[in-house]
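S.K.: I have a structure here, written as structure tokens, and I will follow up with some questions on it.
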Amino acid sequence: MPRVITPREFGKPLGMYSHGMAAPAGELVVVAGQVGARRASELAGPDVESQTKQAFANVRSVVEAAGCSMKDVIRLQTFLISADDIEGFMKARHEVFSTYFPDGTYPPNTLLVVGRLVRPELRVEIEAMAVRPRAATRRKPAPGRKVRR
């Protein structure tokens, strides 16, 4: 389980994130930027709130497909196309984080405002990194093969 790192000289983070996080050794899971589109490339909505909720749902799907949970996420990076969308992003993040991180331990997050994303109707993109615990990364040997120790 990752643990939060807060230097003594730092104050509380400005929002729902941690200053740093350390994770025990395991397999690194890197999630490509996820946008607010559903399975068939259908946009979740025209606004940043609906797209943010969908982007986080997409991140969660990839993380879970890798054998992790959102509690294994050690880093998020968010891209918005407008500083005017920050408030809507924060509102949507607050809603989903209460479900994904109910204990209030949030991964570090970097928020960047960029000129545009790959499609002009997209308002947000979210990348993630998670660490799959070491026990989950052990692979069983193929039948008939001996394991060297």
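S.K.: For a quick check: sort 71, 91, 12, 53 by the number of other beta carbons within 10 angstrom, fewest at the front. Could you put the intermediate results ahead of the total?
M.R.: Values: 71 16, 91 13, 12 7, 53 19.
In increasing order of surrounding Cβ atoms, one gets 12, 91, 71, 53.
S.K.: Which one, 69, 16, 59, projects farthest toward the positive side of the charge dipole computed for the chain from Cβ point charges (K/R +1, D/E -1)?
M.R.: 69
S.K.: Could you pull out every residue, at least 5 positions away or on a different chain, whose amide H is within less than 5 Å of the one on residue 29? Hs are placed 1.01 Å off N in the peptide plane, and Pro or chain starts have none.
M.R.: Residues meeting the criterion, in which the H sits 1.01 Å from N, are 130, 131, 132.
S.K.: Are there any GluC sites (Glu not before Pro) in the range 1-76 that are in a DSSP loop and have at most 16 other Cβ atoms within 10 Å? List them by number.
M.R.: Details: sites: 9, 27, 42, 49, 64; in loops: 9, 42.
When the GluC sites (Glu not before Pro) of the range 1-76 are filtered for loop state and at most 16 Cβ neighbours within 10 Å, 9, 42 remain.
S.K.: Now for a separate question. List the aspartates and glutamates whose alpha-carbon lies under 18 Å from that of residue 71, not counting same-chain residues fewer than 8 positions away?
M.R.: Of all the aspartates and glutamates, those that pass the test against residue 71 - Cα under 18 Å, at least 8 places apart if same chain - are 27, 95, 103, 127.
S.K.: Provide Rg and Dmax in Å for the chain, with only Cα atoms included in the calculation.
M.R.: For the chain, the Cα-based Rg and Dmax read 17.3, 60 Å.
S.K.: Please state the charge dipole magnitude for the chain, taken about the Cα centre, from unit charges on C-beta atoms (+1 on K and R, -1 on D and E), reported in debye and rounded to the nearest 20.
M.R.: 1380
S.K.: Check which residues have an amide H placed less than 5 Å from residue 113's amide H, if you skip close sequence neighbours.
M.R.: Hits under the 5 Å cutoff: 80.
S.K.: Also, I was wondering about something else. Could you compute the FRET efficiency for residue 61 and residue 10, with r as their C-beta to C-beta distance and R0 at 30 Å, rounded to 0.05? Spell out each step's value before the answer.
M.R.: Values: r = 33 Å, r/R0 = 1.10.
So the FRET efficiency works out to roughly 0.35.
S.K.: Tell me, what is the percent relative contact order of the range 3-135, built from C-alpha pairs under 8 Å that lie six or more residues apart? Don't skip to the end; give the middle numbers.
M.R.: Numbers: 253 pairs, mean separation 52.0, N = 133.
Once divided by the residue count of the range 3-135, the mean separation gives 39 percent.
S.K.: On to the next question. R0 = 25 Å: FRET efficiency of residue 38 with residue 113, Cβ-based, nearest 0.05? Walk me through the numbers on the way to the answer.
M.R.: On the way: r = 25 Å, r/R0 = 0.99.
It comes out at approximately 0.50.
The numbers here are math on the coordinates, done by the rules we state, and not lab data. The shown structure was predicted, so the numbers you read here are calculated from the model rather than taken from an experiment. Using ideal geometry, Cβ is built from the backbone for each residue, glycine included, and neighbour counts are taken over all protein chains shown.
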